[in-house]
Amino acid sequence: MKQKEAKTPGEKKIAKIGGRLLSDYCHLKNIVDMVNSNYIPLFQIMGMDQPEDKDSIINALVNGYSFMERAKNAFIETYTKKISEGKFKLEKIVPQRTLDKKLPDPEAEKKRIDREIHRNLCFKFNELKDYYVKEFNYYSFSLQGYSKKPLELCRDTLDYTPSGIVIDADKFIEFYSSFIAADESEYRKQHQEAADGMNRFFGGAVEITSKELDRYFLLENGIVVPNPKSINIESYMRLGYKVTTKTNK
């Protein structure tokens, strides 16, 4: 039997708050789990398994149409940068015999080496891609795809580890609360409108209590609906005759 994962303090807080926060977190987690199972292995095979690779990987996951083309670009850009910074040996990409054929003009030589780096990285990517496609049965899930927008929107709440993408629940709460804060005035307005509408319905005829609310309204699948038993003349008589005065303008 599969054991349940222990919740972090942030996840416990999300579960306690519940509602849309919890459902949106679970939606993002489902996307992350699917991406980790199906797509992240390619980046791990390519050696992109460090925290600093996160932005390149997220960009490859959310930008553009073809995943393989985006992954290829991420691979080439990452290793081109590593080579230029001395973090990856040029000899591991370009054969020594090619490096030995130097041009007399330094600028022309640099352009030649840059072309060789790009060309050989393309060859290397194709080798790694072919292995990944075969070993992970890529085409069995590639057509299904995944929702990119949540990954892009919540990228600052994501961390990248050697085992894949993880959501920082505390960062997710902070990120989510910033959106709610931006719309706080609108939420407050709707909240007040709902209260005003309820008060208008009862019209001061009876004291609004839990019993009265249950008499006139029900919850069905999380939605407030009129209580069918209260849709009658007798129930409305309790609320009195509401006179509306129209003023001619």
Subject >> Filtered residues of the range 156-176 (kept if more than 12 Å from the chain's Cα centre (by Cα), assigned to a strand (DSSP E or B) and either among the β-branched types (Val, Ile, Thr) or outside the structural domain of Leu22 (by TED's automatic domain parsing) (or both)) >> reply: Thr161
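Within the range 131-145, take every residue that is at pLDDT 90 or above and under 21 Å from Ser56 (Cβ atoms) and give me the one that is farthest from the chain's Cα centre (by Cα).
Tyr131
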Original post:
Do we have Asn63 as surrounded by fewer than 16 Cβ atoms within 10 Å (Cβ to Cβ) and either in the same structural domain as Leu128 (by TED's automatic domain parsing) or closer than 20 Å to Leu128 by Cβ (or both) here?
Top reply: yes
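Each row is one residue, and each column tells you yes or no for (1) hydrophobic (A, V, I, L, M, F, W, C); (2) under 18 Å from His118 (Cα atoms); (3) touching a helix residue (DSSP H, G or I) at 6+ places or on another chain (Cβ under 6 Å).
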{"site": "Asn30", "(1), (2), (3)": "no, no, no"}
{"site": "Ile40", "(1), (2), (3)": "yes, no, no"}
{"site": "Lys72", "(1), (2), (3)": "no, yes, yes"}
{"site": "Leu90", "(1), (2), (3)": "yes, yes, yes"}
{"site": "Arg97", "(1), (2), (3)": "no, yes, no"}
Original post:
Scanning for something at pLDDT below 90, over 28 Å from the mean Cα position of the chain (by Cα) and either within 22 Å of Tyr39 (Cβ to Cβ) or part of a loop (DSSP other than H, G, I, E, B) (or both), does the range 105-115 turn up at least one residue?
Top reply: yes
**OP:** Could you check, for the range 41-55, whether at least one of its residues is in the same structural domain as Asp168 (by TED's automatic domain parsing), within 15 Å of Thr157 (Cβ to Cβ), of a type in the set (D, E, K, R) and part of a helix (DSSP H, G or I)?
**Re:** yes
**OP:** Being among the hydrophobic types (A, V, I, L, M, F, W, C), over 17 Å from the mean Cα position of the chain (by Cα) and either farther than 17 Å from Ile165 by Cβ or exposed (fewer than 12 other Cβ atoms within 10 Å of the Cβ) (or both) narrows it down to one of Ile14, Ile45, Ile83, so name that one.
**Re:** Ile83
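The values are calculated or read from the model by the stated rules, or taken from the named source; none is laboratory data. In this text, all values refer to a predicted model and were calculated from it rather than measured experimentally. We place every Cβ from the backbone using ideal geometry, glycine too, and count neighbours over all the protein chains shown.
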